[in-house]
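Read the structure below first, then the notes.
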Amino acid sequence: MRIAICPGSFDPITNGHLAVIRRAAKLFDKVIVVVMVNFRKPVGLYTAQERVELIRHCTKDIENVEVDFSGGLLADYAREKNAVAIVKGLRAVSDFEDEFQQALTNKQLNPDVETVFITADAEHMYLSSSLVKQICELGADIDMTKFVPAEIADNIVNRIKGKEDKI
């Protein structure tokens, strides 16, 4: 079985993330979407477990996708899961420098895993979790389903506006 790991902080998951996950699911027998801690952004909109639940909700129709959490090294997690690949989405050239450095580091830590880059779809090239949060925090009157999966859009808006929300 060819297993791929699709890591990220996913705070929150966007339509761009979901598109990369769907494309990866066509390439591999199994894709494990793993919520990881981004040490550059220690405080998130959602807890790690909430992110796992949001992603499970958004990927429930993709048979070969499972969702997990890891607080450790990605290279170790990939080894533990017998993964052959780490799938990373790229939006722009600016993403590449950081992702390339991470790929080389992961290869040193786990020579058995390859990093596969999937370029973002044109309609998602600009999209990031940070942008979604900023748009919502500043009160933009816009259809959030352009940015995030429809099934969790209200949850995200309510969370950012400080209202109670449940999935």
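The table for this structure:
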item: Net length gained if the chain between residue 150 and residue 2 were fully extended (0.36 nm per residue, minus Cα distance); result: 50.3 nm
item: Probe 1.4 Å, all protein chains present, accessible-area order of 124, 17, largest first; result: 17, 124
item: Normalised contact order of the stretch 1-43, rounded percent, pairs of Cα under 8 Å and 6 or more residues apart; result: 57
item: Summed side-chain charge close to residue 145 - residues other than residue 145 whose Cβ falls under 13 Å, Lys, Arg +1, Asp, Glu -1; result: -3
item: Given charges at Cβ of Lys, Arg, Asp, Glu: the chain dipole, positive-most of 101, 13, 27; result: 101
item: Cα gyration tensor category, rounded, prolate or oblate, for the stretch 1-97 with a/c compared to 1.5; result: rounded
item: Cα-centred dipole magnitude for the stretch 37-127, charges only on beta-carbon of K, R (+1) and D, E (-1), debye, nearest 20; result: 240
item: Mean-position separation - Cα centroids, the stretch 7-21 and the stretch 43-95, in angstrom; result: 8
item: Largest to smallest accessible area among 81, 88, 41 [probe 1.4 Å]; result: 41, 81, 88
item: Length-normalised contact order for the stretch 1-85 - Cα pairs under 8 Å, 6+ apart - percent; result: 39
item: Heavy-atom surface of the chain, accessible at 1.4 Å and reported per residue (Å²); result: 55
item: Nearest-20 debye value, the stretch 77-167 charge dipole, Cβ charges on Lys, Arg, Asp, Glu; result: 240
item: Accessible-area composition of the stretch 1-134, carbon plus sulfur, in percent [1.4 Å probe]; result: 54
item: The stretch 54-128: C-alpha gyration tensor shape, a/c 1.5 cut-off, then a/b vs b/c; result: oblate
item: Inverse of mean 1/r across different Cα pairs in the chain, Kirkwood, Å; result: 16.3
item: Mean separation of Cα contacts under 8 Å (6+ apart) over length of the stretch 24-72, as relative contact order %; result: 56
item: Within the chain, longest stretch free of exposed GluC sites (Glu not before Pro) [DSSP loop, at most 13 other beta carbons within 10 Å]; result: 64-163
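The values are calculated or read from the model by the stated rules, or taken from the named source; none is laboratory data. Small disclaimer: the values here were computed from a predicted structure and weren't measured. Cβ atoms come from the backbone with ideal geometry, glycine included; neighbour counts cover every protein chain shown. Note: accessible area is taken over every heavy atom of the protein model, side chains too, but ligands, DNA and RNA are not part of it. Shrake-Rupley method; radii C 1.70, N 1.55, O 1.52, S 1.80 Å.
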